[in-house]
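Structure, as structure tokens:
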Amino acid sequence: MRILITNDDGIYSPGIAALAQAARKFGEVRVVAPDVEQSSMGHAVTHSRPLSYRESPIAFDGIEAYRVNGTPADCVALGTHLWSKTDVVLSGINMGPNLGNGMWHSGTLAAAKQAVLLGIKGIALSTPVGKTEPDFKRIEADVEKALALLLEDTELALFNVNFPADAKGMQWTRQSVRLYDGKIVPGIDPMNRKHYWFTVSPLEPAEEGTDRWAVENGYVSITPLRLDLTADSELERLLRERPL
Ligand code: MN
């Protein structure tokens, strides 16, 4: 199995090194990742300038690795173009959760979405980060368990997986859409000019069965996703009530 690894935190993040090591137990691994952090880039692609693809000097312990001066979606488009017959794209392990409405701007998830657009399975992996850096040893067993489960499934699929440390178990979940946690916080720069931070405020409790509920309650959350955003019930109503 050919496994392409990418992320949005950049190729020097400890999260991508942890993922590459976990993935090599399941097949042939290649890393193609952004050269700098691209978090919250969403599904942006670079169309107005060429991209570079350079062998990375950083050691992934014998794993081939390339850095790209582009977005996570660029890395997947380019990486799978240059590595024929890629079976799956794994994106992460993101340093910070990707839950609920956060999925809209997630670069981590966008890389997995880009894989599915190209007909390849895509799996996004993230872990919440507290005041200390995450200890990937504490989620290692769960990452391997989730990969075994999701790589075995032969259906083309898109998954978003979040790993709290020392989880109690795993749950299939749906996306929480109850609360949007993007917040604008005003501040003053060193030159006394007003500026604004777009930030993520602490999450409030979510409804049971959702991705946020699972992680807040100590479970690994696995959400199957789809690319079709059509509101099916709304479309049915409009066809019925307002035929064109
Ligand atoms: Mn990130």
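Assorted remarks:
- Given their separation in residues at 0.36 nm each and the Cα-Cα distance between them, Ala141 and Met1 gain 48.4 nm when the chain is fully extended.
- Counting only Cβ charges, +1 for Lys and Arg and -1 for Asp and Glu, the dipole size of region 141-244 around its Cα centre is about 560 debye.
- Set of lysines near Lys85 by C-alpha distance (under 19 Å), chain-local residues within fewer than 8 positions excluded: Lys25, Lys113, Lys121
- Cα centroid of region 59-121 to Cα centroid of region 162-225, whole Å: 21
- Computed about the Cα centre, the dipole magnitude for region 33-126 is approximately 260 debye when only Lys and Arg (+1) and Asp and Glu (-1) carry charge, each at its Cβ.
- Taking the charge dipole of the chain about its Cα centre, with +1 at Lys and Arg Cβ atoms and -1 at Asp and Glu Cβ atoms, the residue from Leu90, Asn192, Ser176 reaching farthest to the positive side is Asn192.
- Selection among Pro72, Phe26, Ser40 by position relative to the dipole of region 1-79 gives Phe26 as farthest towards the positive end (Cβ unit charges, Cα centre).
- Length available on full extension from Glu204 to Leu227: 0.36 nm per residue minus the Cα-Cα distance, which gives 5.6 nm.
- Cα gyration tensor, the chain - rounded (a/c under 1.5), prolate or oblate: rounded
- Straight-distance crosslink candidates among lysines, where the alpha carbon sits under 22 Å from Lys194 and sequence neighbours closer than 8 are dropped: Lys183
- Qualifying GluC sites (Glu not before Pro) for region 145-229 [loop in DSSP, other Cβ within 10 Å: at most 14]: Glu155, Glu207, Glu208
- Highest average packing first - 38-45, 157-164, 124-131, 192-199, Cβ atoms within 10 Å: 157-164, 124-131, 38-45, 192-199
- If only the Cβ of Lys and Arg carry +1 and only the Cβ of Asp and Glu carry -1, the dipole of the chain around its Cα centre is close to 420 debye.
Here, each number is a calculation from the coordinates, and none is a lab measurement. Remember, it's a predicted structure, so these values are computed and weren't measured experimentally. Cβ sites come from the backbone with ideal geometry, for glycine too, and all protein chains shown count toward neighbours.
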